[in-house]
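Enquirer: If you scroll down you'll find the structure; I have some questions about it.
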Amino acid sequence: MIKFSIITCTYNAAEVLKRTLDSVLEQTCYNVEHLIIDGASTDATMQLVADYQTANQDADKKHEIVVVSEPDSGLYDAMNKGIGLARGDYLVFLNAGDVFPTDETLELIAASVGDGETLPGVLYGDTDIVDDEGRFLRHRPLSPPKNGLSWRSFSKGMLVCHQAFYARSDLAKRNLYDLKYRFSADVDWCIRVMKLAEQEGLPLKHVGMVVVDYLDGGLTTKNHRASLVERFHVMRHHYGILTTLWKHFTFLFR
């Protein structure tokens, strides 16, 4: 059975965290490790985490829960801490406010990998965007291909939502987030993970379903302009200046 490391990074996230914790708790897949990396919150975040740990102890299928609460250097530094602690076969980042679409999501993702099949470098799926109450708003405009995803695909934009990108932990541990980026390190990280998967001959597999309900409005949304500038530099680094300029020109006509 595939083991998943779910990484949730928090800082004063009490308003939206509970639904994320409940979503993980309710997963029918029992082989789950939940890493909560907190940046020394000063609100009720850690009380919610303590309540979650108690509820987990009372559950029929207990998950492993690891909690770290200490100052950090921002979101991507916290994510790197999570990668370092992860012991699952795959890791994914589920931010405070984001949830799994159903209680069986992780179980179905695991079942998408056939018996005896080499573990793909990345498992990925589709994304729905929801509001603060968890109500469906729309499907994510950028959607991943069912077949043929590669690191080159991201020259068209981030086709796979970060929370729908399940990286093999051994690849992730060799590709930590680059902390020189403040808003778009996730794009760079996904590309580097997919590059390494290609180098090692590992496929990237679409699991054939929506795997996350993503909360509308995050770090990059709130810092949209700075994020776009950073993303341009990320794409230029991986795809070259001519390809990047051409792709950004075509973005204007989407």
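Enquirer: Taking the simple approach of a point 7 Å from Cα along Cα-to-Cβ for both Lys180 and Arg138, what is their distance in nm?
Expert: Those two pseudo-labels are separated by 3.4 nm.
Enquirer: Also, quick follow-up: Give the relative contact order (percent, whole number) for the chain; include only Cα pairs under 8 Å separated by 6+ residues.
Expert: RCO, the chain: 22 percent.
Enquirer: For the chain, modelled as a GNM with alpha-carbon contacts under 10 angstrom, which of Ala55, Ala197, Ala185 fluctuates the most?
Expert: Ala55
Enquirer: Roll a 1.4 Å probe over the protein chains and send me the accessible area per residue for the chain in Å².
Expert: 47 Å²
Enquirer: Shifting gears a bit: Please give, to one decimal in nm, the separation of the simple spin-label points placed at Asn147 and Lys61, each 7 Å out from Cα toward the Cβ.
Expert: 3.1 nm
Enquirer: While we're on this one: Carbon and sulfur together cover what percent of the accessible area of the chain at a 1.4 Å probe radius?
Expert: Taking all protein chains in place, the chain shows 52 percent carbon and sulfur surface.
Enquirer: Right, another one. Given charges of +1 on the Cβ of Lys and Arg and -1 on the Cβ of Asp and Glu, with all other atoms neutral, how large is the dipole of the chain about its Cα centre, in debye to the nearest 20?
Expert: I would put it at about 1460 debye.
Enquirer: Sequence gap at least 6, Cα distance under 8 Å: using those rules, report the relative contact order of the stretch 1-141 to the nearest whole percent.
Expert: 34 percent
Enquirer: Among Met235, Gln27, Phe183, whose Cα sits farthest toward the positive end of the charge dipole of the chain (+1 at Cβ of Lys/Arg, -1 at Cβ of Asp/Glu, about the Cα centre)?
Expert: Met235
Enquirer: Determine the equivalent ellipsoid of the chain by diagonalising the alpha-carbon gyration tensor, then write out the semi-axes as square roots of 5 times the eigenvalues, largest first, rounded to whole Å.
Expert: In descending order the semi-axes read 28, 21, 17 Å.
Enquirer: Just tell me which lysines come within less than 22 Å, Cα to Cα, of Lys173; anything on the same chain fewer than 8 places away is out.
Expert: Hits, sequence-local ones excluded: Lys3, Lys81, Lys195, Lys205.
Enquirer: Roughly what angle does helix 241-251 make with the longest principal axis of the chain, taking Cα atoms, 0 to 90 degrees, to the nearest 10?
Expert: 70 degrees
Enquirer: How would you classify the stretch 49-190 from its alpha-carbon gyration tensor, with a ≥ b ≥ c the square roots of the eigenvalues: rounded for a/c under 1.5, else prolate if a/b is greater than b/c, otherwise oblate?
Expert: rounded
Enquirer: What's the Cα-based Rg to Rh of the stretch 1-58, Rh via Kirkwood?
Expert: 0.97
Enquirer: Mind jotting down a quarter of the surface of the convex hull over the alpha carbons of the stretch 132-218, in square nanometres, one decimal?
Expert: For the stretch 132-218, the mean projected area of the Cα convex hull comes to 6.5 nm².
The values are calculated or read from the model by the stated rules, or taken from the named source; none is laboratory data. No experiment lies behind these values; they were computed from the predicted model shown. So basically every Cβ, Gly included, is an ideal-geometry build from the backbone, and we count neighbours across all protein chains shown. Accessible surface is based on the protein model in full, side chains and every heavy atom, while ligands, DNA and RNA are left aside. Shrake-Rupley method; radii C 1.70, N 1.55, O 1.52, S 1.80 Å.
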